[in-house]
1. When you check Leu602 against the structure, is it buried (at least 21 other Cβ atoms within 10 Å of the Cβ) and under 19 Å from Arg718 (Cα atoms), yes or no?
2. From the list Glu305, Glu336, Glu293, Glu330, exactly one residue is on the phi > 0 side of the Ramachandran plot and assigned by TED's automatic domain parsing to the domain that holds Ile370. Which is it?
3. What tally of residues in the stretch 443-458 results from selecting those that are closer than 30 Å to Gln709 by Cα, aliphatic (A, V, I, L, M) and in contact (Cβ under 8 Å) with a residue 24 or more places away in the chain?
4. I need the strands (runs of 3 or more DSSP E) fully contained in the stretch 110-207, keeping only those with at least 3 residues that are modelled with pLDDT under 85.
5. Restrict the check to the stretch 248-258 and report whether at least one residue is at pLDDT below 85 and among the β-branched types (Val, Ile, Thr).
6. Out of the strands (runs of 3 or more DSSP E) lying entirely within the stretch 620-736, which hold 2 or more residues that are within 17 Å of Gly600 (Cβ to Cβ) and hydroxyl-bearing (Ser, Thr, Tyr)?
7. Of the residues in the stretch 361-407, how many are among the polar types (S, T, N, Q), surrounded by fewer than 16 Cβ atoms within 10 Å (Cβ to Cβ) and under 24 Å from the mean Cα position of the chain (by Cα)?
8. Could you list, in sequence order, the residues of the stretch 410-436 that are at pLDDT 85 or above and either part of a strand (DSSP E or B) or among the small types (Gly, Ala, Ser) (or both)?
Amino acid sequence: MTQETDDGSDFSPPDGEFFASVVEGSADPIVSIAGDGSIVYANPAAENALGHDAAFLTGGRLAELISDETAEQRAASLRARLDDPAGLVDAGDVSVPLKTADGETRTFSARFHAHEAGGETVYSAVFRERSAGDRDRELRTFRNLVEHAGHAIYVTDTDGTIEYVNPAFTRHTGYEPEEVIGETPAVLNSGEMSDEYFASLWETLRAGEVWKEEIVDRRKDGSRYHAHQTIAPVFDDAGSVSRFVAIQTDVTERKAAEGKLKQYRDIVERLDDPILLQDRDGTFELLNEAVSEFAGVAREDLYGEDETAFMDAETAAEIDERRREVLRTEEPADYEVSPSFERTGREATFSTRRYPYYDGDGDLAGTFAICRDVTEIKEREIDLERFKRAVDGATDLIAAVDRGGRFLFANERYRTYHGIGDADVTGLTLSDVVDDSRYPDVRRQVSRALAGQSVEYRATRTHPGRGTRTFDVRYYPLEGPDEGDDSVVGVVGVLRDVTDSENRAHQLRVVDRVLQHNLRNAMTVVRGRARQIAADAEPREEIADEERATGGDDPIATAADDIVARAEALLSTSEKAHQITEVLSDPPETEPVDIARTAGTLAAEAGDEFPEASVTASTPDGTVYASATAWIDRAIDELVRNAIVHHDRESPTVEIAVAATDDEVAITVTDDGPGLTGMNRDVLETGEAVDALYHGSGLGLWLVYWVVQQSGGEATVREAVPRGSVVTVTLPRSDR
């Protein structure tokens, strides 16, 4: 076979004899060994270098020529490698110390290559003995590499005395070379490594082996650092350990990260809430044991699956949609789901926050979800909502305060009564809600409850829009929220408005007494008059004729008139009792009432009904609105009628006057009659004298009292000059 050269001439590659002559004439020793390590060829240069002829070398084992001066461990390692030369092919340059015929040790650098010879695989190497120049160049190259290495490197002699440190050692430990050269690595000892650690280290190094372990050392400033340390023995040409080289890689940050990772992993594993990591397709890459417990599936069986493997399909589809949303927006998403788990039969509600997560290159890799089990919280919220509705729907006024008097909650009735509205009460205190006059007593009763007592008492309070109300007040100690916590943390107050029931009971007692008294008296008169009429008609007729003839009163007519008068009085009493019942039955709701218009209308109606009386009204121009119940016109009408009916003269004079300030409206009814009795005055002003009321005439004034009270006003009575009474009803002003 020929090849064409650049000039067009033919060139024939050298034949085997050419290569044989090259090998034979090589100045470097060339040795070939078989697969079992036996020498099959040695060139003349090898004979000269080792002092043995080819006949001595051929058939012998190259491993047997390893110098006896080589360290035992290293010699054993080299012999094993030379007996199995196939492993040397890719090993690069191998340092081989060989013993010559005169007992000298010569160290060669050999690189083995495999080739075929006579149908067998043999391994040949050129053995080059390094010169001092070569060693110097290699040493300079090695030193340059060490000086620029990023790892801390130091070299010690066989006793452990430091001979050299590289710049990275100074950066990592803070020690300058002159501070540690001549010292031992004990200057770095943190005290955290055991004696057994160092004993094992030296045992390994003295055996010629490499030591690889992590260590905790101490810098010059006293701070500790974690390092992965490799210490290797360095052999001289004779194969003996001449020194040790140590390489430290600072792994402090990695160890801290591993510690945090372990801490986080332990926390995640201990959480009862499911935590899971899913790739972009939704398959699980990581999950904690809580997921497995809910699913009823071993954790290792869930890897590569998604939610459809253990929960109902509808919820799994909803979760998948949320997961896709996070992948689409790359924003966290919060949602709540209530899956059912067929294998465990469990149902739960989870408040989930799902995040996008990214790989080391910053690319979106999937989603990470933390699922908080809020099943019990939801159940408690439902119960709490039921209780809240019950409390807010209660007709009682209910509130709670802490030990400092700060409100914890207040139901709608309480807030409405105290004018708080829908505002948050948690920023208010008792002193903000209770007026100054009542605060000391309320605070005293609350203090009793804070001491662990249950307090009950009855109180009367005047409301600007609802008048005077009577409450049964109960304070209960509020214990701590934790089970078994008996400490008192606040007070619950329940105020029950018993005004209506008290008023009805009082009204029934009074009406019963008045009706019994009036009915008894009236019926006695009616019965007597009836007997009188039923007596002998003829004598009565004769007597009647005589009396009529003489101009006297007809006794039968007189009796009949008396019966009619008594019946009308009973009807009037019954009507007033009915009106009082209606007043007490109606909710005490106030509304804007044009008092000026009401006064004018009532004066006109009274003038028409009682033409013998002079009834006038004096009112401001325009409208004057007061806050009052719908019964206020009946109350004013009752005052006017009382002044006319109980007047002792034929032509009564009554004036209705209306005056207003920014806060109040005053209605004054003035008459020139005989004046009110003390009992009637007390009924009108305080309602107290009604207990002594035994006749129907006072019921009208009692009606006035209740209407004024429910309107949030008051009534006063004084004598007029020169005679008569002045009744003033004061009501709150309304802005309409």
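1. Against the criterion (buried (at least 21 other Cβ atoms within 10 Å of the Cβ) and under 19 Å from Arg718 (Cα atoms)), Leu602 does not qualify.
2. Glu330
3. Here the count works out to 1.
4. none
5. Among the residues of the stretch 248-258, at least one is at pLDDT below 85 and among the β-branched types (Val, Ile, Thr), which makes the answer yes.
6. 664-671
7. Result for the stretch 361-407: 1.
8. Ala410, Thr429, Ser431
The values are calculated or read from the model by the stated rules, or taken from the named source; none is laboratory data. No experiment lies behind these values; they were computed from the predicted model shown. For neighbour counting, all protein chains shown are included, and Cβ atoms are generated from backbone atoms with ideal geometry for every residue, glycine included.
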